Amino acid sequence: MKQEVAEFLSQKIGWLLGKLGIAENIASRIDTFILVLLILILTYIIAEVIYRILLFVSRRIIRRKRYLFLEKLSEKGRLRKQAYIIPPIMLISMIPFLIDDKGVMFIYIERAAWIYFAVTIVIAVNALLSTIGESVFTNSKYHDRPIKGFIQISKVIVYLIAAIIVISIITGKSPLYLIGGLGAFAAVLMLISKDSIMGFVGGFLLLENDMVRLGDWIEMPGTSINGNVIDISLTIVKVRNWDNTIATVPPYTLINETFLNWRGMSESGGRRIARGYTIKLDSIKPCNENMLRRVRRLNKEFSQYITKKIEQQQKGNACNTANPDGLANGTIDTNAGLFRAYADMYLHRHPLISKEMLIMVRTLEPKESGLPIQFYCFTSDTDWSNYESIQSEIMEHFASVMPLFELYPFQSAGARDTVISGLLEGQYPLERIEGLPYKTLK
């Protein structure tokens, strides 16, 4: 049936060309091209009709129930790209009926049709991959995953396979023959495109090892990169720094050099505070009744703690740390130990300090400037702005209560201190001197 239709169309085209005065030998060549062109137009009309039907059906399905994949496939003409695989398939199936399969023209047209088919397949598959990538990325479960990189890897593989197939069609060689000859070509390609290949390999390793995700806060010491990752591809990683500048870095740089990823902190739900003061050694002394009476006013719980420790001292087990009520978190023997106990209790009571993570107040190795005391804990809010506010509030509070324990942090003397020292030596009235340490006048 197909052959009869082809012969009929060929006769009509030849008759029309004869009426136009075209020579028979030339007309026999032209009518073949016209016939192929007519078949192509016909197949495109069929493909367009199929596309309209698919679009209609997909929209009806989406109205009843939302399917994200169908929504994305209907956008940007991607569904049309799937339907347009039909013309080359129909053309390839009809070529034997249109042209003598023993002629040279048959070989060229058939090869052109197969190349056309390979190109449409690549376009359709890439459209599907883009649809899958956008659908997965929109899903809240995978929005932080570097889906774009995986899609790019898949597209590169599709392009490579298509290129091998197209070259094999043009040359008439088997694809396996071409793959066998890629060794020498790869060596030359590595010399010419070294950076691109390193970027490709680095991007693949980043994705494979899950080293970076979208939204991660990364920091590279010695560089200006310190911010959130906003885009990941096979050849580049974009970072929005905290000053809103955009920094770009090749993936292989992240593979070869050290960088810090704060994702673990965000996922743990706690951000570390590890700060402290260096206490002047000459301000550390044994506790007395007046000091204990004064610091009891800070809060009721701390007053009960002091009472309990005094009772333990009287029973002789105040230093038994194996006892659950022992002095592992502080002591009332010295003002420094008493302050450590208060600071530990304050951190445990703070509503924005995580109780599931380590809370510790400790002294470090003494230095020339004094005895360092460190506050170690984790905030339950990992937002940068909130974290800094919590940390500042804690440090400010400890700085304000330290004089109640008769403890003073070390700080370098400035011009104001020199002037105040001279005024005090000259017996200048204390009440008229501004800038004296807290509670000096009491």
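In this structure, the pairs whose alpha-carbon distance is over 26 Å, taken from 285/367; 309/367; 285/308, are 309/367.
Its alpha carbons give the range 207-265 an Rg and a Dmax of 10.3, 30 Å.
For the range 346-405, the relative contact order comes to 27 percent (Cα pairs under 8 Å, sequence separation of at least 6).
Tell me, what are the semi-axes, in whole angstrom and largest first, of the equivalent ellipsoid of the range 271-411 as set by the roots of 5 times the Cα gyration tensor eigenvalues?
Details: eigenvalues 123, 69, 40 Å².
Working through the eigenvalues yields semi-axes of 25, 19, 14 Å.
Scanning residues 5 or more positions from residue 231 or on other chains, those with amide H under 5 Å from its amide H are 238, with H placed 1.01 Å from N in the peptide plane.
Show the residues, 5+ positions off or on another chain, whose built amide H is closer than 5 Å to the amide H of residue 381. Placed amide hydrogens put 271 under 5 Å from residue 381. In this label model, residue 396 and residue 360 are separated by 2.9 nm, measuring between points 7 Å along each Cα→Cβ vector.
Please compute the length gained on full extension between residue 262 and residue 307, using 0.36 nm multiplied by the number of residues separating them and subtracting their Cα-Cα distance. If you can, show how the numbers build up before the last one.
Working: separation 45, 0.36 × 45 = 16.20 nm, distance 4.33 nm.
Result: 11.9 nm gained on full extension.
Fewest-first ordering of 114, 242 by other beta carbons within 10 Å of each residue's beta carbon gives 242, 114.
For the range 271-411, the dipole from Cβ point charges (+1 on Lys and Arg, -1 on Asp and Glu) about the Cα centre works out to 360 debye, to the nearest 20.
Every number in this text was worked out from the coordinates using simple rules, so none of it is lab data. Remember, it's a predicted structure, so these values are computed and weren't measured experimentally. Note that we place each Cβ from the backbone using ideal geometry, even for glycine, and neighbour counts take in every protein chain shown.
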